[in-house]
Every structure is written in structure tokens, then in C-alpha cells.
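The values are calculated or read from the model by the stated rules, or taken from the named source; none is laboratory data. Quick caveat, the model's predicted, so the values are computed rather than measured. A quick note on method: Cβ atoms are made from the backbone with ideal geometry, for glycine too, and the neighbour counts reach across all protein chains shown. Quick note on the areas: whole protein, heavy atoms, side chains included, nothing else; ligands and nucleic acids left out. Shrake-Rupley method; radii C 1.70, N 1.55, O 1.52, S 1.80 Å.
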Amino acid sequence: MLKIENLEVTYGNIKAIKGISLEVNQGEIVTLIGSNGAGKSTTLRTISGILKPKSGSITFNGERIEGVEGHEIVAKGICQSPEGRRIFPKMTVDENLDLGAFLRNDKAEIKRDRQRVLELFPKLQERIDQKAGTMSGGEQQMLAVGRALMGSPKLLLLDEPSMGLAPVLVEMIFETIKKINDQGTTILLVEQNALAALNVADRAYVLESGSIKMSGKARDLISNDEVTKAYLGG
Amino acid sequence: MANSSTRFSARLLIERSVATLIIGLVFFWLAINLVKSPSQFFQSSIIGISNGVLYALIALGYTLVYGIIELINFAHGDLFMLGGLFAATFITVWFKQETPSNTGYAVFFLCLIAAMGFCATINVGIERFAYRRLRKAPKLAPLITAVGVSFIIQFIGIRWNGSGPKTWNSVLPSGEFTISSVHIPYTTVISFLVTIPLLIFMTFIVAKTRRGKAMRATAQDADAARLMGINVNKTISFTFALGGALAGAAGLLFQQTRGLTNYNLGYQLGLIAFTSAVLGGIGNLSGAVLGAILIGLIQGLNDGLPIGLGQQWSQTVVFTILILLMVFKPTGLLGKPMVEKV
């Protein structure tokens with residue numbers, strides 16, 4: 001579904017991504033783990049067209065999409081819940097969800113997706129007319145994921161959905177990710193919480209200072225000594 | 001700890017009481033004038049408010065652009081000046097209308113649409129060629145570019161209009177009607193008839209339409225807006241078009257109600273309009289309208305009341321009020337400090 005080959009991204013003279021290749025297949029949850037500054041968010045931002053790559057290719061359903069404008073990427077079916085949530089703080093939860101479906105015209109389908117989002121995150125229903133900026137971090141995270149789902153994505157990009165959340169919420173978010181995937185959405189998940197990510201994912205890539213260091217089935221990586229030592233606190 | 005908090009509250013108390021004292025004095029001044037000469041009071045208020053709505057049209061252009069790309073577009077006032085020149089050329093030179101008549105009114109209406117289109121196009125062009133490339137540059141770069149664009153437009157104004165003021169005949173009726181000794185010129189009524197629907201229409205676009213929603217989203221977080229599939233460049237262009245159109249309407253109204261064009265009018269009125277936007281809380285649309293009407297009203301009252309400082313102190317009074325407000329409420333009347341939550 002998504003294929004990245006030899007992708008290189010730079011900030012000025014600094015190479016953030018040094019020629020990575022990875023693949024996401026239809027129906028999978030693939031996770032990209034690694035420490036702070038490894039280039040995980042940069043990778044997602046480049047897929048979404050916010051950053052332009054220096055070289056390499058990104059192919060989505062057989063179509064080259066590297067360097068395509070951000071809003072066109074959404075039209076192709078890739079939605080992102082960005083790092084730091086980036087919800088629209090002065091708008092209500094309702095308006096935020098509406099904006100998630102900005103490019104869609106199919107009223108009935110939008111209504112169905114909204115229903116589905118509110119079922120996944122019942123908290124959002126309670127807060128529906130509240131200004132998004134006044135909600136707690138966890139609620140904002142739910143809104144960010146829900147908003148991305150409102151775009152009815154073929155591929156959902158999740159950037160650090162567990163960051164800064166209480167443990168009980170982290171568990172809830174990962175259960176929801178699994179549920180979203182079961183309902184048929186392919187997911188590329190970026191996480192610092194490697195253990196939780198590996199537990200829900202089918203496959204994983206380990207990113208270290210801009211290069212892919214390891215990749216494989218998620219359950220194999222959990223039991224891999226090197227991964228355990230570096231990322232799972234073993 | 002306790003010491004610093006009492007000192008803090010003491011300061012707050014002083015600030016509050018000074019603010020209350022100033023507001024009290026203003027109301028006292030208004031009250032004695034109202035008692036002394038009610039007709040002059042209402043007369044000045046009407047003149048003030050009708051100037052205020054004109055300022056509002058220009059102020060909205062500043063606040064819209066600031067809201068979306070955080071740029072003080074110094075060229076905006078000059079765009080208003082060009083709107084006036086365009087209106088004069090359109091009505092008097094091209095259509096040869098110099099007196100009130102049915103044809104004159106039709107041409108006026110046609111010119112309203114044409115002037116709005118003209119200024120919208122120019123404003124979009126300015127953004128496209130001068131500001132867009134600098135969007136990621138340090139804030140000073142687009143700011144100084146805006147000052148440069150302002151000069152360019154002023155020199156176009158000199159080429160077009162000459163280096164001095166020009167007077168024009170208006171197609172609007174020059175009479176007035178009287179309600180219990182308060183004179184209301186027809187031109188004031190027409191100003192309201194043009195301005196208020198425009199302000200309502202603008203509010204509708206921003207609050208209710210898809211484009212408006214895209215504008216508000218882009219203003220809050222451009223990258224997040226991109227992730228929603230919003231075309232940010234197009235949205236910013238649209239914002240400049242909207243601001244430009246309002247400046248065009250203001251240019252026409254000014255040229256027809258005052259019968260005057262001059263290359264430096266944009267600088268003078270632009271400064272007042274920008275002040276209105278800041279007074280109301282820059283980036284806030286209702287704030288800009290409120291600030292503009294307040295400034296118009298203050299000027300009108302100061303210039304026209306029996307006990308006042310008079311016209312030569314007009315600017316001084318306006319900016320003193322602005323400075324005082326900035327001291328006590330730096331975000332403007334309706335502006336709110338944004339609390340970032342991470």
C-alpha cells in the first residue's frame with residue numbers, strides 16, 4: 001500500500017532521514033519506534049507532504065506522492081494525527097471533527113463516520129460543544145485521532161498518540177488503535193512507548209538517528225535482546 | 001512569597017482604580033456635554049459613527065491578514081487610497097457621471113462591485129508576489145517588504161492622481177434630513193447602507209461558509225489545516241481578496257462622500273484603521289469593528305462637542321486612548337491571550 005524507498009530528508013544542512021526504506025501493507029499495523037530525534041515524526045511529516053524530501057520515493061497505491069502538496073495527500077486517503085495533537089484550540093470539538101472531513105461531500109457517510117468516532121471515544125460526545133483547547137491532554141489526543149478518522153483514511157498515520165498520557169489512558173488509546181485497525185483501517189504508528197506499540201503492531205521498524213537499524217515481525221522484536229536493552233528498559 | 005503577592009495585588013488595585021478613574025472622567029465629560037447641548041452631542045455622534053464604519057472596512061483588512069499570517073500589512077491603507085482613485089476614474093472619467101441621477105446611482109453601484117474586485121485582485125497579487133515567498137522567513141522580512149509595497153503603491157498614486165489633492169463631484173445626493181435639530185446627510189445614510197450589509201456578509205463568510213472555516217483553521221494552525229486537506233495558499237489568497245474588497249468599498253465611499261483623492265490618504269486613514277484593529281484586539285474581527293466605531297466616535301465627539309479639545313487635538317486624543325488601553329489591556333478590547341496547552 002505504502003512504499004518508501006531510499007528517502008532522505010534534510011533540515012538545512014542537517015540530515016534528519018538518511019535514506020530509509022519501509023513498507024506498509026493493506027490491513028496492517030506497522031510501527032516505527034526509536035528514541036527522541038531518531039527521525040520518526042520527520043518521516044510522517046514527509047509522507048503527509050508537510051516536508052519535502054531531498055531524494056528518494058514514496059509510493060502510495062502505485063502512485064508517486066513524494067513532494068505532493070499536503071492537502072492533496074489527504075485527498076488521496078492518507079490522514080495524520082500529528083505529534084502534539086495540533087487540534088484547533090479555539091474551535092469546538094464538533095467543529096474540529098467537521099474539519100477532519102473537510103474534503104468530503106458524502107453527507108451520509110460523514111454522519112456514519114462521526115457516529116463511529118463518537119462510539120470509539122464516548123468522552124468526545126460529552127464535550128461536543130466545548131472549545132477543544134479547554135480539554136485535558138487525553139481528551140485532546142482522542143480528538144486528534146478522531147479528527148483524522150473523520151477523513152475516512154485508507155492509511156492512518158499516528159504520531160505519538162500516547163505522549164504525556166496517564167497509564168490508564170495509554171492502555172485505552174492502544175486498545176482503540178487495535179479496534180480501528182480491526183474495522184479495516186491500515187495504520188502506521190510512530191511511538192516512543194516501544195513495548196505498547198510492539199504489542200499492537202504486526203510489523204515494526206526501529207529507527208536510529210535517521211536510519212533503519214532493524215525491522216521485522218513485532219513479536220520477534222519484543223524478544224530481541226538488542227531491542228529489549230535499548231527500548232524496552234530491560 | 002506572601003510579600004510579593006500582596007505587592008502584586010496592591011499594583012493591581014492601583015491599576016484598577018486608575019482605569020476606573022479614567023473611564024469615570026470620560027463619562028463625566030460626555031454627560032456634561034449631553035446636558036449642555038443634546039443636539040450637538042447626537043450630531044457629533046452620528047458624524048463619528050459614520051466615520052467609524054468607514055474605518056471598520058479598512059481595519060478588517062489589517063486584522064484579517066494579521067489573523068492568518070501574523071503580518072501587519074502596511075500596504076493595506078494605500079490599497080484603500082487606490083480604491084478611491086479607481087472609483088474617481090471609473091465614475092467621473094469613464095462614465096462621466098458628476099451629478100446625482102438614476103444613471104449616477106447605477107454607476108455608483110457598478111463601481112462598488114468593480115472597486116471591490118479591483119482592490120481584491122491587487123491585494124491577492126501583492127500577497128502572491130511579495131509576501132508568499134517570505135512566509136517562512138523571519139518576521140521582519142515580510143514586515144519591511146510591506147513597508148516597501150506601501151511606498152510603491154503611493155508612487156503609483158502620485159502618477160495617477162498627481163502630487164496634490166484632487167476634488168471630485170459626487171453622484172450621491174448632497175442634501176440632508178433633520179430629526180429634531182440633528183442633521184443627517186444622505187451620504188451618511190448611504191455609507192451605512194453600503195457598509196453594514198458588507199460587514200454582515202463578511203461575518204457570514206467567516207463564521208458559516210466552508211472557506212471561512214478553512215480561514216479560521218489556517219489562522220490557528222496552518223500545518224494542522226494542511227493535514228485536514230485545506231489548501232493553505234488558496235485560503236491565504238482568499239483572505240487577502242476579502243480584505244482587499246473591503247478596502248475597495250471603503251475607497252469608493254470615501255471618494256464619493258468627501259469628494260477627495262490624494263496619494264497620501266492611505267497613510268493617514270490606514271494608521272487610524274490599524275489603530276482601531278489594535279484597539280479592538282488584532283486578529284479579532286468584531287474587535288476591529290468595535291475599535292473602529294469607538295475611534296470614529298471619540299474623534300467625532302472630541303471635534304464636535306462644545307466642551308472638547310477640538311479638531312487639532314483629534315489625533316492626540318485617539319492615540320492617548322490607545323496608549324492607555326495598551327497599558328491596562330495589552331491584548332486590546334476583545335483580544336484574548338492565547339494559553340498554549342501541550
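Suppose the filter is more than 10 Å from chain A (Cβ to nearest Cβ), farther than 30 Å from B:P100 by Cα and more than 22 Å from the chain's Cα centre (by Cα); does B:T203 pass it? Judged against the criteria, B:T203 is not a match. Filtered by the rule that a residue be open to solvent by less than 10 Å² (accessible area, probe 1.4 Å) and within 11 Å of chain B (Cβ to nearest Cβ), the stretch A:142-158 gives A:A144, A:R147, A:A148, A:M150, A:L157.
Among the residues of the stretch B:207-218, are any open to solvent by 10 Å² or more (accessible area, probe 1.4 Å), in contact (Cβ under 8 Å) with a residue 60 or more places away in the chain and closer than 30 Å to B:G104 by Cα? Quick ask: steps written out before the conclusion?
Of the stretch B:207-218, the ones open to solvent by 10 Å² or more (accessible area, probe 1.4 Å) are B:207-211, B:213, B:215-216.
Next cut, in contact (Cβ under 8 Å) with a residue 60 or more places away in the chain only: B:215.
Adding the requirement that they be closer than 30 Å to B:G104 by Cα leaves none.
Within the stretch B:207-218, none of the residues are open to solvent by 10 Å² or more (accessible area, probe 1.4 Å), in contact (Cβ under 8 Å) with a residue 60 or more places away in the chain and closer than 30 Å to B:G104 by Cα.
For the structure I just gave you, tell me whether B:G243 is more than 8 Å from chain A (Cβ to nearest Cβ), open to solvent by less than 10 Å² (accessible area, probe 1.4 Å), over 30 Å from A:G100 (Cβ atoms) and of a type in the set (G, A, S). So B:G243 fails the test. With respect to the conditions (1) under 21 Å from B:A207 (Cβ atoms); (2) at the interface with chain B (Cβ under 7 Å from one of its Cβ atoms), A:A101 falls short on a single one, namely (2).
Evaluating B:W313 against the criteria (1) open to solvent by 70 Å² or more (accessible area, probe 1.4 Å); (2) at pLDDT 85 or above; (3) within 21 Å of B:F74 (Cα to Cα); (4) out of contact with any Leu (no Cβ under 9 Å at 6 or more places or on another chain) leaves one unmet condition, (3). Contact map, the stretch A:46-60: first residue within 14 Å of another protein chain (Cβ to nearest Cβ), second residue polar (S, T, N, Q) and open to solvent by less than 30 Å² (accessible area, probe 1.4 Å), Cβ cut-off under 7 Å, separation 6 or more or different chains; pairs are A:S48/A:Q80; A:L51/A:T42. Among the residues of this structure, A:R127 does not count as one that is under 25 Å from B:V206 (Cα atoms), surrounded by 16 or more Cβ atoms within 10 Å (Cβ to Cβ) and within 8 Å of chain B (Cβ to nearest Cβ). Candidates are the residues of the stretch A:61-95 that are assigned to a strand (DSSP E or B) and among the β-branched types (V, I, T); the one that is nearest to the other protein chains (Cβ to nearest Cβ) is A:I78. All but one of (1) closer than 17 Å to B:W168 by Cα; (2) open to solvent by 30 Å² or more (accessible area, probe 1.4 Å); (3) aromatic (F, W, Y) hold for B:F108; which doesn't? Among (1) closer than 17 Å to B:W168 by Cα; (2) open to solvent by 30 Å² or more (accessible area, probe 1.4 Å); (3) aromatic (F, W, Y), the lone unmet condition for B:F108 is (2). So which residues in the stretch A:2-21 are in contact with a strand residue (DSSP E or B) (Cβ under 6 Å, 6 or more places away or on another chain), open to solvent by 10 Å² or more (accessible area, probe 1.4 Å) and at negative phi, if there are any at all? Within the stretch A:2-21, A:K3, A:E5, A:E8, A:A16, A:K18, A:S21 qualify.
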